[in-house]
Amino acid sequence: AYVVDRASTNFKVIDVSDPGTPSLVGSLGIGALPNSVYVSGRYAYVVDQASDDLKVIDVSDPSSPSLAGSLGIGSSPYSVYVSGRYAYIVDGTTDDLKVIDVSDPGTPALAGSLSLGYSPASVYVSGRYAYVVDSGSDDLKVIDVSDPSSPSLAGNLGIGPYPLSVYVSGRYA
């Protein structure tokens, strides 16, 4: 299990092979307000609201995670999701979706972005679409990310006050 901990400002790797006795295997100090983590392959991707960046952490040795790269992405990144060679990040202050090319984990680079409106909170990617819930506009936004350099709004639906998280399974969000 990979955990970001705001109180200790650490990224933690926890062995859960025996669910009855999980144990801390390794950790890495990463910043004051780590908010979201996504693991893909040998890398963990963490967004941090205090340092306003995406951190790419090599977890190939779970007992000794290490920083592979980082990218300043704007203030208050809330959520990260990785699909293929791209990380998708929603930012609650700049109010946008950022698409980051992480094909070279040591030097992540901005590929594209889309302004979303007030306070996007969570992102999930499935196929050619990114799904974002926005706690400011109280809706679910569906974004076509088939061209990462130019994401575009495909549709949206009002879903009620203050949505904070989204998950997609098959044809349902």
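When the residues of segment 21-47 are filtered to those that are at pLDDT 95 or above and among the polar types (S, T, N, Q), which remaining residue is nearest to GLY84 (Cα to Cα)? Step by step, filter segment 21-47, then rank; the result is SER40.
Residues of segment 10-19 that are buried (at least 16 other Cβ atoms within 10 Å of the Cβ) and either among the polar types (S, T, N, Q) or farther than 19 Å from ALA68 by Cα (or both): ASN10 alone. Among residues of segment 39-67 being without any contact (Cβ under 8 Å) to a residue 24 or more places away in the chain and at negative phi, the one that is most open to solvent (accessible area, probe 1.4 Å) is ARG42.
Inspect all residues belonging to segment 117-128 and state whether any of them is outside any strand (DSSP E or B) and buried (at least 22 other Cβ atoms within 10 Å of the Cβ). Within segment 117-128, not a single residue is outside any strand (DSSP E or B) and buried (at least 22 other Cβ atoms within 10 Å of the Cβ). Of all residue pairs spaced 6 or more apart or on separate chains, those with beta-carbon atoms under 8 Å, a first member in segment 141-153 that is closer than 10 Å to GLY112 by Cβ and a second member that is open to solvent by 50 Å² or more (accessible area, probe 1.4 Å) are VAL145/ARG128; VAL145/TYR129; PRO151/SER113. Considering segment 68-95, and only residues there that are open to solvent by 20 Å² or more (accessible area, probe 1.4 Å) and touching a Leu at 6+ places or on another chain (Cβ under 7 Å), the residue that is farthest from TYR118 (Cα to Cα) turns out to be SER70.
Before we move on, is PRO22 surrounded by fewer than 21 Cβ atoms within 10 Å (Cβ to Cβ) and in contact (Cβ under 8 Å) with a residue 60 or more places away in the chain? So PRO22 does not fit the description; no. Residues in segment 60-103 that are of a type in the set (A, V, I, L, M) and under 19 Å from VAL168 (Cβ atoms): VAL80, VAL82, ALA87, ILE89, VAL90, LEU97, VAL99. All of ASP58, ASP52, ASP96 fail the test of being of a type outside the set (Lys, Arg) and over 26 Å from LEU153 (Cα atoms), apart from ASP58.
The values are calculated or read from the model by the stated rules, or taken from the named source; none is laboratory data. Since this is a predicted model, take the numbers as computed values, not measurements. Backbone-built Cβ (ideal geometry, glycine too); neighbour counts: all protein chains shown. Note: accessible area is taken over every heavy atom of the protein model, side chains too, but ligands, DNA and RNA are not part of it. Shrake-Rupley method; radii C 1.70, N 1.55, O 1.52, S 1.80 Å.
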